[in-house]
Each structure stands twice: as structure tokens, then as C-alpha cells.
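Single-structure report; data block below.
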Amino acid sequence: MSIRNKALITLFVLQFVVQVEAVENPRAPDNAAQEVGAIQSAAEVDRRVRSFIGNYCVTCHNADEQNGEVRLDHLAVRISNAAIAQQWRDVLDILNTGDMPPKTASKRPSQDELASVIGTLTENLVTAQKMLRGKGGETAARRLNRVEYINSVRALTGILIPERYVPADENGTEFNTLGWYQTFSPGVLEAYQGAAESAVETMLMEGRKPVQDSRLTRIDTPESRLLGRDESGKDSVRSAVKHYISDPRHKTGLLIYQAEYKWTHYKLRIPNHDFRGEYIVRARVAADESMQEELKFLRVHQEKAAPLYFSLHDAVDAPKVIEFKALADAEGTVELSNLRRSQLRPAITRAMKRGKPVPKIWIDWIEVEGPVYVGRHVQLREQLLQGVNERQIASSDARRILNRFAAIAFRGSPVQPQFIDDLLVIFEQELDTGKSPLESLVKPMAVVLTAPQFLYLTENKSHRSEEATPAPLASHEMASRLSFMLWKEPPSDVLLAAGDRLLHDRTFLESTLDAMIADPRFQHFIDEFFGQWLELRRFDEVQVDSKSKTSPLFDTKTRQAVRRQPLEFIKLIIKEDLSLTKLIDAEFSVFDQNMTGYYEDLQPYRSKASWNEFKQVQLTPQNQRRGGLLGMPAIQMIGSSGVETSPVERGAWIARTLLNSPPPPPPPNVPQLTVDPKLTVRQSLERHKQIAQCYSCHKKIDDMGLALETFDALGRWRSRYKDGTSIETAGHMPDGVRFANADDMKQRLLDHKDSMIRSLVEALIVYSLSREAEFTDQKLVDHLVRHSKDNGYRLKPLLLEFVSSKTFTHK
Amino acid sequence: MILNRRHFLASSTSLLALPPLQVAASETGKAPQRVVFLGFGFGFTEDFYATTFGSDYELTPSMESLQKHKQDFTVISNLWHKNARGAHGGTVVYLTGADAHGPTARNTVSCDQVAARYMGNETRYASIQVTTREKGGGHGGGSSLSWHENGTSMSGVAEPFRMYNMLFGGQGTPYEQRLAELQNEKSVLDAYVGNISSLNRNASKLDRERLDHYFQSLREVEQRIAREKLWARKPQPRVDYKLPAAELDGVQEITAMYDLILLAMQTDLSRVITYRQPIVSLLQALDIKYSAHAISHYQKGEDLKKAMIVRERKQTELFASFIDRLKATKDVDGSRLFDNCLVSYGSNLRAGHMLKNVPALVTGNASSKLRHGRHVKMPQETPLCNLWLTLLQTLNLPVKQFGDSNGVLSDLFA
């Protein structure tokens, strides 16, 4: 095998003389010593690589002799352009595949030397690539992501579009606020058009003035449930109805059967329904004693939100009142149902046929309160159509309506008269096809909601052409950055009205930030920012077979609870203004009863946990292993296939998230180790040591992952493997410090807590500025880490320091 | 980057450059040539690959379903894209061979689009991109296997029922009505395009790069409308095939897509087709509980390997029955559709993280030059682009070079 592309090599050799561009290591040496993830100093990298190349490569690849037309004696170690990067990638590839130095060479490197130089070269390349990708800190235009689009349309029209209508984010492993991964296609445009049309149509056709006072409607004994059922000729239906009537409680409420398909759910029609509104629903509910314990739940299914589960364990003897926020579907309904278990169905059908009682949920009454409006422009329809005859919209009126709509939707970007002319043509054409004037507005208005001025987040960059230095944000741009970062929606009127004070008045900014953090919409920041920083996307990809013997009853609600736990923990830390280092280890955690029920070692906390919310629980000393993120099943499952644990994935997660030292991507063309069933997990991974190409990276991650082997693929505690063999948890940190087990490792990770803060800060830059964290950001990152340390590692001061930094307030 | 309306339209018209409609192929009596590129992520297990070469090579158990076609396809070893650097890069450069890895990298044109330049002028669709939108199927970025000249991804049709509607769904729409519909679509497009001009002033270079995908989509819509107008008078072909259901499992989905690809060729709606195949839904249909990525690292355990083998066998079986159907389907001139096709089947990955010696299989008799029935061993690290160039040239297209090609695979010829 030869190194490719000799043209490039020649080019490089010519360039080399004039292009030795020093890339200064931006990190201060004291930081480098302190942080595991710190890059080796440039001089050290240079020395190591040169000595390796000098010892093993230049004999054949020098000025006089260029085997394979490759010359290495002149190759600059500092990578200052793409061509040099390309050369080193070639060298690295060939070292990784083991083709060079040749087996026949008289002098060959030891495994240690090879592992070390591969590690150094890989890091050097990753670092250089990051630098070469830099865009001078520019926050470029990007498309609204899914949640932002939904929230933006809602803020404008009051209509909540179901998630599935909106094109999914394609971000993969990156933050979904990064623009560079986004592609666009006619299909995507079509999907946005469909979503926008449905929102606009609902808004226009709703036709009603928003209800001024929300109303309370009580639905007692909804016997309508039986209407129409008994007239069907089918025997099965008739017997089911008979059975239903045989329970006297049907007269005073409604019954939800367990596992009998005709009665397993109840569609609640929201009275007084307005699509722009939310509703509070209360219901008085009881469960039959005979229901299986793990099925004593009422499930609320809503098209536009995740399902809710209400425990009825305390509602067996006396009914209890539950309450939830409802978002009705297109038909104005919300579904109340049982937890279904198809395995139970035959037994229950049999019991029904014999006229025996069947476990049921009984709902005494339901109360619906609402609508409550969300969004600033609930009155938009009225504003747009004021003084207009809806049945006969004149062209001049349509122009005014469209112009006004676009002006609001475009968030300050100017609306060209030509654009409105074009929209008017669409309106007229729609009229010609026989649609009503209102219907004819739908399409042109949907064009507005799919135009780049609405669909993309942009900032005025007119300064970019003349000067290279960043310009201060306009006040509405600052409001927008804050709002999309913390709330995932366009800035509110209050934020916009704040004007320059957001930029120049730190006390004002601080109180604004406090208010935004206290607002329920801050949940978006926890879900989106922390959810992505923790890589919960990987959790979502882990498939668990709840029917399999190894993972029984790991059902949707357990899964939902497991996913929620780390975010609830973070929420608590922010609310209590505690140190973020609690993420590494804490003497408390948060559980709900789904978790205390599923995880045996958590059962002692059962009495303290609730079914419907996560509560803070003080951990007993022997359960300290459940403290911090690493004690949480969600994080343990990120490093598992759902069946087997993956110590490598777990170790890599720790390296990325807690040590800010992401392992480089696996090199191509290196064969994978084949698992030998005779070897233990640790023995299998030990084989990495024998292969230099593997060991250069795996030595930094494998041990940390192996320390977590006491948690199985679903995060259940185990003191031994299933076959009885013991679990060896001792190992070394990437910096060589020894630990005995996971608890001990957490203490060692606390020694590097600044690294975790650094990881969080860099993620914050990426997330909120929609760009990579670049080399030019390192000063800010250093400063924020120091500032955070001085302020007890609390999130609020960190956020304030960040959003008042020049990087955040300039474009 | 085009930011004013006149410029936009001028440019997209020039891209259109649609030659006058020639006499339909069916009237000349001779069936046209077609080319199909099938691609998927994650490769196969090492067990999939035949270890003997020449014309009496042995098929592996994973390839068993191809046994009856053994004389009618060629397996080629030792191909790779030297520019494909990341094992996690997906199928993005599979048909392009571009170096999309570097900091300023952009993809380049895919070989099917080069073919469409010459073979796409006489059909309703210059090319058809069949695709999947599933996450975790190992495809990486982009919307399909096909990439424009300017390196942006081409959109594809991902659901069989949409594909059906696109190909045959306009049945019975009168010409005037269709024309009016297209006019309405055109008005919407005009509004989008007109609006773009106001974006120019305050955008930076990077901003404009970001918006380029959006503009490219508008261009695609415009070309489609223009082309459809030209074809509106010609009724869509009638076929004896039912509208596929919206909810299909992976096996049904791939089968339906193969059917529709076949019908599209038979009715001469297009002569150039790519298909980015789903893996995730296939696994679900096969009741495999692991993720596609998990089983691609099948070296980690016997269960993973078993699952991977189940997948590769089923996938190959579906491909084999596609060949069955190609052979059983009559073309316009009475010959077999198989005799007028070139079909390529493969992945960007061999197994695990191996980017070298990727799977490559070619079938179809569209070119008499190819001598099938062999396992051809090329020298190590032969550019995969040489295969793409070879396919283009055997279709008699005037293409001298493609991607990083450095020659044709003359070993494939008789």
C-alpha cells in the first residue's frame, strides 16, 4: 500500500517553507496539568512525532529515497492547512492498519511506541480539524429545529402543531441547534407547507373569538358511553354490554375495563373546545382491588404530548382526584385508558363470558376547565380580520391581511411589496378554484410560515463584509438569542420591550435571567440542552424487549421514568441552586415509584417516592453507588445494547461528558476484536492492550467503563455476573490514577470537576450560538470555568456570566 | 448562490436544458437501456463474502438465494473509496467518491446523475431517487443516494404509496385541470422565489451557504413543474398494481419499492434509478431486537452475529427476487427487462469498520460487454469509482472519468 495523491505531497513540500503557521496551544499550562482532557503541548507533540518518524520512517521516505512517492522527513507536525491534515491522515491510516513500518524492516517500533504515536497523531489531527473548521466565531443562519418551529407557530397563531407533522431534526450526534448538518429538499418544504397550512387553517376556520373567561364544565355519569352499543347484532357486543351493565357503578360513572378491547379506553370530548387553548382536566377515579399491582394506572393519551400515567394504588378503597393539563387532538378529544396487557386478554374475556367480575377503573366524574390561552397572538385572527367581511374579502383587504401577517411572522425582517403581490396571486387563484375567501388565505399564509424569514433564524450581518471584528447585537437579536436558548421560542413582548437594557444593564439581565429560569418554559432548556449534553438520544435508541426473560416488565412507563430521572435531578440542582458537581456524585438522588418498583436496590426508598413525581431522596451510605449521573440507569443504558453492557461505550461517555476528553472516532479498516465466549468481559477488553492501534485510545476509556460493570444492561445493580463470577472493578483513570470501584472512581472524577464544567461550557456555546466551540472561544471557556469555580459551580451565575460575555452579545 | 429572482430563473432554466421530446422509445421498437443503483449502510458479515474466485467460485450460504442467477451477475472484490475516511460516514459518498471529510469539504455529483444527463431526457422523470428516511439505518446525511452537480443532496421518495402516487397517481386528471394545478404550484413557487431577493442584503457569506439548500429545493421544484408541464398532455401509464398501504413492514416496503422500480422502468417513466434501502425497518420486520448499529458490530457476540446474518440473507433474498422479476418482466420490444438493465448492489462498508473491499455486485444484460457468472478479484484498493465509470461507459455514455477513477475495470469484460 502506498500513500496516495503524490500531487498533493509535492504541493505540500513546496508550501511548507512559506507556511509554517504556528498554532498556539490556547490553553494555559496550569490548566493542562489539571485537566485530563488537556492537549499535549505543541512542543511535546512535535518531539514525539519527529522522533518516531525519524526512527522508523525516514530511512525509506526521505529527500533522496521516496518509497511509494512519500517523503516524511519534511512533514510539518503542526497542521496549519487541509493539505497537511490530509498527509497526516494518510500516515495515521497506514499505522492503524499496521501496513507500515513494513514487517521486514530491520527496526520496528514496540507496541508501546506505536500506541503512543498513534494516540498523539490522532489527537493532533482531531485538534487541527477543529481549528480548520472554525468560522471565526460566526453564528450563521440556521433553520428552526422541530421544537422551535412548533413553538414559533404556536406563539404566532396559538395553534399547536402535532410533532409528527414537522420534519424531524437530522442532527445525529450533534446538538439540534447546529446549522451545518441541516439539509433541505422539496419533500421537507412540502412537509412544512402541510404543517403550516394545518395551523393557519385551524386558526382561520376556528372562527370563534377567544373565550374571555375560562369555564368549568362537569361531566357526571357519562352514560352516553352505552348509547348505540346494544343495538349491534353481534353476540359478543351484546354480552359485553350486558356485562358492563351488570356492574352497578355504570350508573354513577364510567368504567374502564382491563384488557377487554371495547372498554379499555374512554374518549373525553373537551367541552367548549378551542384549538388555541389548553385545558385543566380533573377526574375522580378509583381502581378495583383485583387489578394487578403493576397495572393500577390510568393512562392519559394525548396526540400532542407524551402519555401520562396516574397511579391508582392509593385509590382502591376511596376514589381520588387526579388533575392534568390537556391538549386535545384534531377531533377535540383526549383518551383515558387502562394499561393494557395482551397476555391477560384471554382470561378476562373468559371471565366476562361467564359473567364473573373483571378488574376495572371507575371514573365518578370529570371536570374540564378552560380554555387557557398560550402565546402572544391569540387575538391574531381578530386583528387580521378586523373590519373585514369574512364572506367577501376584497383584494385590498387580503393584501392588508397578508402584509400584516408577514410583518409579524418575519420577526423584524422587512417584507417586500413584491412578495405580497405574489401572495395575492395565490389568493386569487385559490378563490378561482371555488374556495371560500377564508380558505383561500390558507395557502398564501402558509407560504409566509415556510419562507426563510420565518423558517430560519438569522441576524443582520451587514457588518460582516466590511470588518472582521464582531459587532454588538441589536437589542431584539439579544432578546431572540436568550429566548431561543432558554425557552425555545421567539422572544416575548416583555423581552423585546426590554431593549438595550438586556445588553448594558447587568442587574436587569440578571433579574431577567432569574425570571426566565423560574418560568415553566425553562423546562425546554433542561430537556433540550441537558438532554442532548447527556446524549439521551442514545438512550432512546436502546431497544429493550419487555417480554424477554432478561428484561421483564421494562414497560413504557418505566422507560419514561428512567429517562426522566437525570433531567429531574438536574432540575432539582438548578432549583436549589446547588453545585453542578453533584452530577458527578451526590448524597441524594431523585426517584419515582416506577423506579423504586423496578430496581430492587431502590426498594427501600419506595415509601418516600411518589408515583407521579420525582422526589428527592437521601441515599443510604451503602447505596452511595446510586449517587450522581453514573448511578442512574439512563446513563448506564446509554452504554448498553439493551441486553449486554458495553464498558467501552460507558467509558467513552465518561470521557466525553465528564472529562471533556472525547475519544477520537474509531479508525477505519482496523478489524474488530471477535468476542471469545470463554473470556470474561474484562479479559476481552484486555486484548486491546496487545494491539497498539486499539490501546492508544482504549487505555483511556475501558477501565472506567469496566468499573460500572456492577450495573447490568438495564442499570440493575449486581454484585456478580449471572454465571456467578465476580466483577472486578478496579482500574486506572486516563491520567493513571488508580481507583478501586465505581464509587472510588467518582471521587477521582471529582478531582477533575473543572473538566466537567468545561464540557458543559463548551456544550453551552454550541447549543446557544448554533456553532462549534472554536479555538478562539478558549479564553472565554477558561474564564467561565474559573468563574464557575469561584461561584460554587452553580448554573445561574454561569449562565449570567455567559450571556453577558462579549461572545454572546456580539455577532 | 443566487439571490435575485431573474438570476434564479435564468439559472434554473439553463439547468433544465430539456431537449425536444424525441420519438418515444416504444415507437422505435427497441427497448431503452436503464441503470439502477442499490445501496445500503453497514455492509455484511465477513461470512457473506465468497472466498473463491473466477467462474467456478462458490457462493456463501448468505448468498444462497442468488444461486439460480449465478450465471447472470458478477461479484467484484477489492474496491474502495480512498476518500471515505470515517467508518461512521454513511452512504453519503457511496455513489460520488468525494472527499467529504475535510473542513471545507462538499459532496460532488453522484454517478447516477451523470447517467441521467444522457439517459434522462426522454422520460417523464430524468431520474428517480427511491430512499428511506429512517434514523439509524447507517446512511449518514443527505436525502437519498443521489447528489447534484453542486454537491447538494437530491430529494427522494421514501414511502411506497408516495412513489406509487408519483408514478401512477394522476390517473384520470384531465389535461386542463392538471395544467391549472401546475399553474397554482408555479404561483406558490414564484412567491418563494420573489421573496428571496430581500434576503440578500443582510446575509453573510456563511448565511447564504446555509440557505443554499433551501434555494436548491426551489430550483428542484421549478424543474419538476416545468418538466411536468411538458409531459402533462401525455397521460400517466396505467398499471395493474394496487396502491401500497401506508403502513408496511420493512420486508413489504422493500418488496413494494422493487415492484415500483420495476414498473417505472417497464412503463419507461425513468431510466435512471437509485434506491437507498432501509435497514431499521427490515430488522423490525424480521423481529430482531437489536439496533442496526449494534449488529453491525457483530464480532461482539454470537446473538448479534446471528441477527446480522438473518438480515443479510433476507436482504439478499429480496434482491434475488428482484432479479427474478426483472427476468420475468417483458420490455416494450418483447425482450426481458433484465436484458436492458444494469443493476448495481452494494454498501459503503464491508463489515464492522472496514471501508476497504466493499461489497459490489453487478447484474443485468444492458451491456453485452460484461461477462457475468464470475467473482472478479481486482488489485487491492481499486477505486470503486472505476466500477461506476465502467458502468457508465458500458452504457455508451461519453464519460471519460468519474470521481477518483483511474481507469475502467476491463476485467469485467469478456
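The values are calculated or read from the model by the stated rules, or taken from the named source; none is laboratory data. Since we're looking at a predicted model, the values are computed, not measured. Note: ideal-geometry Cβ built from the backbone for every residue, glycine included; neighbour counts use all protein chains shown. For the accessible areas, the whole protein counts, side chains as well, though only heavy atoms, and no ligand, DNA or RNA atoms are used. Shrake-Rupley method; radii C 1.70, N 1.55, O 1.52, S 1.80 Å.
Among the residues making up the stretch A:186-215, those that are closer than 29 Å to A:Ala283 by Cα, modelled with pLDDT under 80 and open to solvent by 30 Å² or more (accessible area, probe 1.4 Å) are A:Glu206, A:Arg208, A:Lys209, A:Gln212, A:Asp213, A:Ser214, A:Arg215. Given the structure, is A:Phe419 under 15 Å from A:Glu201 (Cβ atoms) and crowded, with 19+ Cβ neighbours inside 10 Å? For A:Phe419, the condition - under 15 Å from A:Glu201 (Cβ atoms) and crowded, with 19+ Cβ neighbours inside 10 Å - is not met. Please verify whether the stretch A:384-404 includes one or more residues that are closer than 30 Å to A:Ser770 by Cα, among the hydrophobic types (A, V, I, L, M, F, W, C) and either open to solvent by less than 40 Å² (accessible area, probe 1.4 Å) or without any contact (Cβ under 8 Å) to a residue 60 or more places away in the chain (or both). So far as the stretch A:384-404 goes, no, none of its residues is closer than 30 Å to A:Ser770 by Cα, among the hydrophobic types (A, V, I, L, M, F, W, C) and either open to solvent by less than 40 Å² (accessible area, probe 1.4 Å) or without any contact (Cβ under 8 Å) to a residue 60 or more places away in the chain (or both). Considering (1) within 14 Å of chain B (Cβ to nearest Cβ); (2) surrounded by 18 or more Cβ atoms within 10 Å (Cβ to Cβ), the lone condition that A:Asn338 does not fulfil carries the number (1).
The condition (being within 14 Å of chain B (Cβ to nearest Cβ), outside any loop (DSSP other than H, G, I, E, B) and under 28 Å from A:Glu294 (Cα atoms)) is satisfied by just one residue among A:Met637, A:Met595: A:Met637.
The lone criterion from (1) outside any loop (DSSP other than H, G, I, E, B); (2) of a type in the set (D, E, K, R); (3) over 30 Å from A:Gln182 (Cβ atoms) left unmet by A:Asp723 is number (1). Restricting the stretch B:273-299 to residues that are aromatic (Phe, Trp, Tyr) and within 13 Å of chain A (Cβ to nearest Cβ) leaves a set whose member that is surrounded by the fewest Cβ atoms within 10 Å (Cβ to Cβ) is B:Tyr290. B:Ile225 meets all of the listed conditions (1) under 23 Å from the mean Cα position of the chain (by Cα); (2) away from every other protein chain (no Cβ under 14 Å); (3) not basic (Lys, Arg) but one, namely (2).
So which of A:Lys557, A:Lys582, A:Lys547 is modelled with pLDDT under 90 and in a helix (DSSP H, G or I)?
A:Lys557
All but one of (1) more than 10 Å from every other protein chain (Cβ to nearest Cβ); (2) touching a helix residue (DSSP H, G or I) at 6+ places or on another chain (Cβ under 8 Å) hold for B:Pro235; which doesn't? In the conditions (1) more than 10 Å from every other protein chain (Cβ to nearest Cβ); (2) touching a helix residue (DSSP H, G or I) at 6+ places or on another chain (Cβ under 8 Å), B:Pro235 misses (2) alone. Would you confirm, using the coordinates I've provided, whether B:His353 is touching a Ser or Thr at 6+ places or on another chain (Cβ under 6 Å) and either in contact (Cβ under 8 Å) with a residue 60 or more places away in the chain or surrounded by fewer than 18 Cβ atoms within 10 Å (Cβ to Cβ) (or both)? Against the criterion (touching a Ser or Thr at 6+ places or on another chain (Cβ under 6 Å) and either in contact (Cβ under 8 Å) with a residue 60 or more places away in the chain or surrounded by fewer than 18 Cβ atoms within 10 Å (Cβ to Cβ) (or both)), B:His353 does not qualify. For the stretch A:95-112, the tally of residues that are touching a residue at least 12 places away in the same chain (Cβ under 8 Å), closer than 19 Å to A:Cys60 by Cα and away from chain B (no Cβ under 12 Å) stands at 8.
Residues that are aromatic (Phe, Trp, Tyr) and within 22 Å of A:Thr596 (Cα to Cα) were ranked within the stretch A:695-720; the one that is least open to solvent (accessible area, probe 1.4 Å) is A:Phe711.
For every residue, the table says whether it meets (1) open to solvent by less than 20 Å² (accessible area, probe 1.4 Å); (2) farther than 20 Å from B:Ile225 by Cβ; (3) more than 11 Å from every other protein chain (Cβ to nearest Cβ).
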| position | (1), (2), (3) |
| --- | --- |
| B:Gly89 | no, yes, no |
| B:Ala98 | yes, yes, yes |
| B:Ser110 | yes, yes, yes |
| B:His139 | yes, yes, no |
| B:Leu145 | yes, yes, yes |
| B:Ala158 | yes, yes, no |
| B:Phe161 | no, yes, yes |
| B:Thr173 | no, no, yes |
| B:Ala180 | no, no, no |
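Pick out the one residue from A:Leu298, A:Leu312 that is touching a residue at least 60 places away in the same chain (Cβ under 8 Å) and buried (at least 20 other Cβ atoms within 10 Å of the Cβ). Full working, then the answer.
Numbers: A:Leu312 fails: touching a residue at least 60 places away in the same chain (Cβ under 8 Å).
Unique residue meeting the criteria: A:Leu298.
For the stretch A:54-73, the candidate set comprises residues that are aliphatic (A, V, I, L, M) and in contact with a helix residue (DSSP H, G or I) (Cβ under 8 Å, 6 or more places away or on another chain); within that set, the residue that is surrounded by the most Cβ atoms within 10 Å (Cβ to Cβ) is A:Val70. Among all positions in the stretch A:785-799, there is at least one residue which is open to solvent by less than 20 Å² (accessible area, probe 1.4 Å) and within 18 Å of A:Ser661 (Cβ to Cβ). Restricting the first member to the stretch A:541-563 and to residues that are surrounded by fewer than 14 Cβ atoms within 10 Å (Cβ to Cβ), and the second to residues that are at pLDDT 85 or above, the beta-carbon pairs closer than 7 Å and six or more apart or on different chains are A:Ser546/A:Phe554.
Within the stretch B:333-345, is there a residue that is within 14 Å of chain A (Cβ to nearest Cβ) and out of contact with any helix residue (DSSP H, G or I) (no Cβ under 9 Å at 6 or more places or on another chain)? First the steps, then the outcome.
Step one: of the stretch B:333-345, the residues within 14 Å of chain A (Cβ to nearest Cβ) are none.
Scanning the stretch B:333-345 turns up no residue that is within 14 Å of chain A (Cβ to nearest Cβ) and out of contact with any helix residue (DSSP H, G or I) (no Cβ under 9 Å at 6 or more places or on another chain).
The combined condition, being in a loop (DSSP other than H, G, I, E, B), modelled with pLDDT under 90, open to solvent by 10 Å² or more (accessible area, probe 1.4 Å) and not hydroxyl-bearing (Ser, Thr, Tyr), is fulfilled by B:Arg106. Here A:Thr139 fulfils each of the conditions (1) in a helix (DSSP H, G or I); (2) modelled with pLDDT of 80 or more apart from (1).
From the set of residues in the stretch A:490-525 that are of a type in the set (Lys, Arg) and out of contact with any Lys or Arg (no Cβ under 8 Å at 6 or more places or on another chain), which is nearest to A:Asp577 (Cα to Cα)? Can you show your working first?
Looking only at the stretch A:490-525, we keep the residues that are of a type in the set (Lys, Arg), and these are A:501, A:506, A:521.
Of the ones still in play, those that are also out of contact with any Lys or Arg (no Cβ under 8 Å at 6 or more places or on another chain) are A:501, A:506.
Values: A:Arg501: 25, A:Arg506: 20 Å.
Only one residue fits best here, namely A:Arg506.
Of all residues assigned to the stretch A:660-683, at least one qualifies as being open to solvent by 60 Å² or more (accessible area, probe 1.4 Å) and under 25 Å from the mean Cα position of the chain (by Cα). From the set of residues in the stretch A:404-449 that are at the interface with chain B (Cβ under 8 Å from one of its Cβ atoms) and within 32 Å of the chain's Cα centre (by Cα), which is modelled with the lowest pLDDT? Top of the filtered list is A:Ser413. Sub-6 Å Cβ pairs linking a first residue in the stretch A:656-682 that is under 17 Å from B:Thr45 (Cα atoms) and free of Cβ contacts under 8 Å to residues at least 24 places away in the same chain to a second residue that is open to solvent by less than 60 Å² (accessible area, probe 1.4 Å) and part of a loop (DSSP other than H, G, I, E, B), at least 6 apart or interchain, are A:Gln672/B:Gly352; A:Val675/B:Gly301, ordered by first then second residue. Between A:Leu156, A:Leu132, A:Leu92, A:Leu178, the distinction of being of a type outside the set (D, E, K, R), closer than 30 Å to A:Leu473 by Cβ, assigned to a helix (DSSP H, G or I) and within 14 Å of chain B (Cβ to nearest Cβ) belongs to A:Leu132 only.
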